[in-house]
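*Asks:* Before we start, here is the structure in question, set down as structure tokens.
Every read-out reported here was derived from the displayed coordinates using simple, explicitly stated rules and does not represent laboratory data. Computed from a predicted model, the values in this text were never measured in an experiment. Because the Cβ atoms are built from the backbone with ideal geometry, glycine has one as well, and the counts that use them run over all protein chains shown.
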Amino acid sequence: MSQIDPLPPLRDVITKHGLRAKKALGQNFLLDLNLTARIARRAGDLAGSDIIEVGPGPGGLTRGLLAEGARKVLAIEKDSRCLPALEEIGAVYPGRLQVIDGDALEVDPLAHLTPPIKIVANLPYNVGTELLVRWLTPQDWPPFWSTLTLMFQKEVAQRITAQPGSKAYGRLAILAQWRCDAKIVLTLPPEAFSPAPKVESAVVHLTALPEPRFPADAKTLERVVAMAFNQRRKMLRASLRALDPQIEARLERLGIKPTARAEELTLEQFCTIARDFA
Ligand code: SAM
């Protein structure tokens, strides 16, 4: 294995600092620094960007990001046991690593950063989807970040990138693809982590588009999509009836089959419905 920095191997770091993985914090650590550098490269050119990393843990991905030339990494970690290990990394990259000891669901990292900003993380599974939805639904678009490069359970990654007609297609696919390009850029087996999770993982790379793919009011679109997929096995004329008792006629006027089910509708068709309710 080639050496990406002068720091000790991650296994030694974990032993030295007593970082036994805690399930409650979604801790599955990456131990292979060549792999973490590879994930960092999937985020594109890092030299001209500030990076937010959620959940650095013992710092494998953090080291990958810094070794690959990130201008600055702001790492938010809830488990204070990891702080001494992260301090040792900061000492090797003076002025380029800032660590916030806190909960990513509560911390506002923006005050510390200069655009362009990329978010890169091997997310804790228990908060990953919630953070993604927050990043995808800011008050204004374009958002504060230019790209998201995120590790999820493979099943979640597939829901983010799913196309109409598939089981995985739903609210997450529409939220993500309406205003981003989203693709799976790496798939990892359970053994890549310690401890090994039960399922495969995948890295999704999302690039924020300057404007939505199709015009629509964000709140209205979210409402229509949530309603349609809450009863995904029902026909639209039933699942969307609460929006309008005359939904059948409305859908027909829009050229959408009232007997179709949510998972058959394209993103463009959802936007068409949302615009009609605006
Ligand atoms: N980045 C490391 C790696 O790739 O080896 C660790 C990834 S591990 C899947 C998730 C990390 O997120 C853990 O270090 C955990 O302590 C941290 N974490 C869990 N919940 C968090 C939260 N709400 N805010 C910040 N960090 C959190």
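*Asks:* State all residues of segment 224-242 that are free of Cβ contacts under 8 Å to residues at least 40 places away in the same chain and within 30 Å of the chain's Cα centre (by Cα); if no residue qualifies, say none. Steps first, please.
*Replies:* Taking segment 224-242 first, the residues free of Cβ contacts under 8 Å to residues at least 40 places away in the same chain are 227, 230-231, 233-242.
Those that are free of Cβ contacts under 8 Å to residues at least 40 places away in the same chain and within 30 Å of the chain's Cα centre (by Cα): Met227, Asn230, Gln231, Arg233, Lys234, Leu236, Ser239, Leu240.
*Asks:* Among the helices (runs of 4 or more DSSP H) contained in segment 1-102, which hold 1 or more residues that are within 9 Å of the ligand (Cβ to nearest atom)?
*Replies:* On the way: elements: 10-16, 33-41, 60-67, 83-92.
The qualifying helices (runs of 4 or more DSSP H) are 10-16, 33-41, 60-67.
*Asks:* Can you give me the number of residues within segment 68-81 that are over 22 Å from the mean Cα position of the chain (by Cα) and touching a residue at least 40 places away in the same chain (Cβ under 8 Å)?
*Replies:* Filtering segment 68-81 for residues over 22 Å from the mean Cα position of the chain (by Cα) gives 80-81.
Then keep just the ones that are touching a residue at least 40 places away in the same chain (Cβ under 8 Å); that gives 81.
Going through segment 68-81 one residue at a time, the tally reaches 1.
*Asks:* Now for a different question. In segment 1-21, which residue that is among the small types (Gly, Ala, Ser) and over 19 Å from Arg38 (Cα atoms) is nearest to the chain's Cα centre (by Cα)? It would help to see each step written out before you state the result.
*Replies:* Taking segment 1-21 first, the residues among the small types (Gly, Ala, Ser) are 2, 18, 21.
Add one more test, that the residue is over 19 Å from Arg38 (Cα atoms), and what stays is 18, 21.
Details: Gly18: 29, Ala21: 22 Å.
Among those residues, the one meeting the criterion is Ala21.
*Asks:* Filter segment 140-156 down to residues that are touching a Ser or Thr at 6+ places or on another chain (Cβ under 8 Å) and not basic (Lys, Arg), then give me how many there are. Can you show your working first?
*Replies:* Filtering segment 140-156 for residues touching a Ser or Thr at 6+ places or on another chain (Cβ under 8 Å) gives 146-147, 151-154, 156.
With not basic (Lys, Arg) added as a condition, the list becomes 146-147, 151-153, 156.
Total satisfying the criteria: 6.
*Asks:* Among what's in segment 133-147 and is without any contact (Cβ under 8 Å) to a residue 40 or more places away in the chain and within 16 Å of the chain's Cα centre (by Cα), pick the residue that is nearest to the ligand (Cβ to nearest atom).
*Replies:* Keep residues of segment 133-147 that are without any contact (Cβ under 8 Å) to a residue 40 or more places away in the chain, which gives 134-135, 138-140, 144.
If we keep only those that are within 16 Å of the chain's Cα centre (by Cα) too, we end up with 134-135, 138, 144.
Values: Arg134: 12, Trp135: 14, Pro138: 19, Phe144: 18 Å.
Per the criteria, the residue is Arg134.
*Asks:* Kindly establish whether Arg71 is of a type in the set (Lys, Arg) and surrounded by fewer than 24 Cβ atoms within 10 Å (Cβ to Cβ).
*Replies:* On the way: of a type in the set (Lys, Arg): yes; surrounded by fewer than 24 Cβ atoms within 10 Å (Cβ to Cβ): yes.
The answer is yes for Arg71.
*Asks:* Somewhere in segment 113-128, is a residue more than 11 Å from the ligand (Cβ to nearest atom) and part of a helix (DSSP H, G or I)?
*Replies:* Going through segment 113-128, the residues more than 11 Å from the ligand (Cβ to nearest atom) turn out to be 113-119.
Next cut, part of a helix (DSSP H, G or I) only: none.
Looking through segment 113-128, none of the residues is more than 11 Å from the ligand (Cβ to nearest atom) and part of a helix (DSSP H, G or I).
*Asks:* Something else about it: Are there any pairs, at least 6 apart or on different chains, whose C-beta atoms fall under 8 Å, with the first in segment 29-42 and free of Cβ contacts under 8 Å to residues at least 40 places away in the same chain and the second of a type in the set (Val, Ile, Thr) and in a loop (DSSP other than H, G, I, E, B), and if so, which?
*Replies:* The qualifying pairs are Leu33/Ile4; Asn34/Ile4; Ala37/Ile4.
*Asks:* Just to be sure before I move on: is Arg96 touching a Leu at 6+ places or on another chain (Cβ under 8 Å), touching a residue at least 40 places away in the same chain (Cβ under 8 Å) and charged (D, E, K, R) in the structure I sent? Full working, then the answer.
*Replies:* On the way: touching a Leu at 6+ places or on another chain (Cβ under 8 Å): yes; touching a residue at least 40 places away in the same chain (Cβ under 8 Å): no; charged (D, E, K, R): yes.
No: the conditions fail for Arg96.
*Asks:* Here's another thing I want to ask about it. Quick check on Phe229: is it aromatic (Phe, Trp, Tyr), more than 27 Å from Leu30 (Cα to Cα) and touching a Gly at 6+ places or on another chain (Cβ under 6 Å)? Can you show your working first?
*Replies:* Values: aromatic (Phe, Trp, Tyr): yes; more than 27 Å from Leu30 (Cα to Cα): yes; touching a Gly at 6+ places or on another chain (Cβ under 6 Å): yes.
When the stated conditions are applied, Phe229 passes them.
*Asks:* Next up: For segment 186-209, give me the residue count where each residue is touching a residue at least 40 places away in the same chain (Cβ under 8 Å), farther than 30 Å from Arg261 by Cα and within 18 Å of the chain's Cα centre (by Cα).
*Replies:* Residues that pass the stated criteria total 2.
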